[in-house]
Amino acid sequence: MEEHTDELLIWRDEFPILKKSTYLISNSLGAMPKGVYEKMKEYADSWANLGVKAWQESWWELSLKTGNLIAPLIGAGQNEITMHPNVSLIQSIIISSFNFQGKRNKVVYTDLEFPSDMYVYQGFAKNKGAEIQIIKSNDGFTPPTEKLIEAIDENTLLVPVSHVLFKNAYKMDIKSIVEKAHSVGALVILDAYHAVGTVKVDVNDLGVDILMGGVLKWLCGGPGGAFLWVKPELREKLEPEVTGWLAHSNPFAFEKEMKYTNSAYRFMNGTPTIPSFYAAQEGPKIINKIGIDKIRNKSIHQTGIIIEKAEAEGYKINTPKNPNLRGGTVSIDMPNSFEISNELLNRNIMIDFRPGTGIRIAPHFYNTDEEIDFLFDAFKEITK
């Protein structure tokens, strides 16, 4: 994909950091669109000029308004997504909605899940009486999908699973997991943080019951913009214990007893982080304009280049070579990869390092093929 034929490069000017660095780390923190400057000014102006009236004018509905920008990217309907500070809080909200005291109290997931998610289940859920069953990967990279499916039984209540694994971007077989879970009456909670914005996600096609993610990475929306979707027919059956006044059916009545709203705000809690919702909007707008199919095609192309170059250099590749099994990141390892990653950062080549998987390289729609060449030239210089 030569630069002059890559139509997505017209978006490069929208991202200031691309003028200052080789930015190949969108799996960790997506580049900031320059439109965020104006959105943050809009927030400041609303606070400065409207004061408390800003809640009535725009702030109160901002969680839904921001979620509506994300909805097309996961196949959800309007007013079905709410925004939250982070996924750990979302996991806690969801777990608190379930009773683990009965026979159906098992939570099953693999040891390749993001640690923060596992901490919540091993702490919060276990203290509520959940039986935690962790299915181990044989090699630390390949998800034990068959063993996971086998472990899902009539005692299973929840199956938390990532769509794309954080370590090496392995793309999970979600449909098979959902099919088994639903056949025994269990629910699937999908963490799509490493998928939305670079991989096609459709909650209806996948059949998941709950989906969560965030704008921090591929959606270029910054910190503090996690999102939650709960299947509408499931929503009213859940009463989260981790809650707050925004989840009340009549919040400004300030009643002493909780009466949950039937809207998506059922999963809100205290006063929301309004500034982060402003920042979160510009990235999803751009992703929607481009279209996920174009982004995915370019991602497959560029991750393929990385794999080809890594193979030629003899580096260990920890990401699936089959494009149907990988997300937008390639993890490669080599001797002294931690030190090499630090030197790359010193050169303003933005990647990251994770123990056990090596250097993660994550091109996005705004990256050029030449930047990948530049990265591998730097590898050669550093290791010679």
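Every test in (1) in contact with a strand residue (DSSP E or B) (Cβ under 7 Å, 6 or more places away or on another chain); (2) β-branched (Val, Ile, Thr); (3) over 23 Å from residue 278 (Cβ atoms) is passed by residue 95 save one, and that test is (1). Within segment 261-284, not a single residue is more than 30 Å from residue 7 (Cα to Cα) and among the acidic types (Asp, Glu).
Looking at segment 98-119, which of its residues are of a type in the set (Ser, Thr, Tyr) and surrounded by fewer than 19 Cβ atoms within 10 Å (Cβ to Cβ)? It would help to see each step written out before you state the result.
From segment 98-119, those of a type in the set (Ser, Thr, Tyr) are 109-110, 116, 119; that's our starting set.
The answer is 116, 119.
Taken together, 141, 124 contain a single residue that is within 21 Å of the chain's Cα centre (by Cα), at pLDDT below 95 and among the hydrophobic types (A, V, I, L, M, F, W, C), which is 141.
Among the residues of segment 324-344, those identified as part of a helix (DSSP H, G or I) and exposed (fewer than 15 other Cβ atoms within 10 Å of the Cβ) are 324, 338, 339, 342. The set of residues in segment 312-323 being surrounded by fewer than 16 Cβ atoms within 10 Å (Cβ to Cβ) and in a loop (DSSP other than H, G, I, E, B) consists of 314, 321, 322.
Which residues, taken from segment 265-285, are of a type in the set (A, V, I, L, M) and part of a loop (DSSP other than H, G, I, E, B)? Working first, answer last.
Our first condition is that a residue be of a type in the set (A, V, I, L, M); within segment 265-285, this holds for 268, 274, 279-280.
Answer for segment 265-285, where residues must be of a type in the set (A, V, I, L, M) and part of a loop (DSSP other than H, G, I, E, B): 268, 280.
The residues of segment 126-162 that are touching a residue at least 24 places away in the same chain (Cβ under 8 Å), in a loop (DSSP other than H, G, I, E, B) and of a type outside the set (Asp, Glu), listed by number, are 128, 129, 130, 136, 137, 140, 141, 142, 143, 144, 152, 155.
In segment 323-373, what residues are closer than 16 Å to residue 167 by Cβ, of a type in the set (Val, Ile, Thr) and touching a Leu at 6+ places or on another chain (Cβ under 9 Å)?
Initially, segment 323-373 is screened for residues closer than 16 Å to residue 167 by Cβ, giving 325-333, 337-338, 341, 351-362.
If we keep only those that are of a type in the set (Val, Ile, Thr) too, we end up with 329-330, 332, 351, 357, 359, 361.
Residues satisfying the conditions are 351, 359, 361.
Criterion applied to 262, 288 was being outside any helix (DSSP H, G or I), surrounded by fewer than 21 Cβ atoms within 10 Å (Cβ to Cβ) and within 26 Å of the chain's Cα centre (by Cα), and the one residue passing it is 262. The C-beta contact set for segment 229-244 (first residue polar (S, T, N, Q), second residue surrounded by 13 or more Cβ atoms within 10 Å (Cβ to Cβ) and modelled with pLDDT of 95 or more, distance under 7 angstrom, 6+ apart or interchain) comprises 243/258; 243/269. Taking segment 163-249 and the helices (runs of 4 or more DSSP H) fully enclosed by it, the elements with 1 or more residues that are over 28 Å from residue 273 (Cα atoms) and not basic (Lys, Arg) are at 174-183, 203-206.
Can you pull out every residue in segment 97-121 that is within 21 Å of the chain's Cα centre (by Cα) and in a loop (DSSP other than H, G, I, E, B)? Listed by number, the residues that qualify are 111, 112, 113, 114. When you scan segment 58-65, do you find a residue that is in a helix (DSSP H, G or I), exposed (fewer than 15 other Cβ atoms within 10 Å of the Cβ) and free of Cβ contacts under 8 Å to residues at least 40 places away in the same chain, even just one? No, every residue in segment 58-65 fails to be in a helix (DSSP H, G or I), exposed (fewer than 15 other Cβ atoms within 10 Å of the Cβ) and free of Cβ contacts under 8 Å to residues at least 40 places away in the same chain.
Taking the criterion of being assigned to a loop (DSSP other than H, G, I, E, B) and loosely packed, with under 13 Cβ neighbours inside 10 Å, the residues of segment 30-57 that qualify are 51, 52. Based on this model, can you work out whether residue 88 counts as more than 23 Å from residue 263 (Cβ to Cβ) and without any contact (Cβ under 8 Å) to a residue 60 or more places away in the chain? Here the answer is yes, as residue 88 does meet what is asked. State the number of residues belonging to segment 352-376 that are modelled with pLDDT of 95 or more, assigned to a loop (DSSP other than H, G, I, E, B) and crowded, with 21+ Cβ neighbours inside 10 Å. Here the count works out to 5.
The values are calculated or read from the model by the stated rules, or taken from the named source; none is laboratory data. Bear in mind the structure is a predicted one, so any value in this text is a computation, not a measurement. Please note: Cβ atoms are built from the backbone with ideal geometry, for glycine as well, and neighbour counts cover all protein chains shown.
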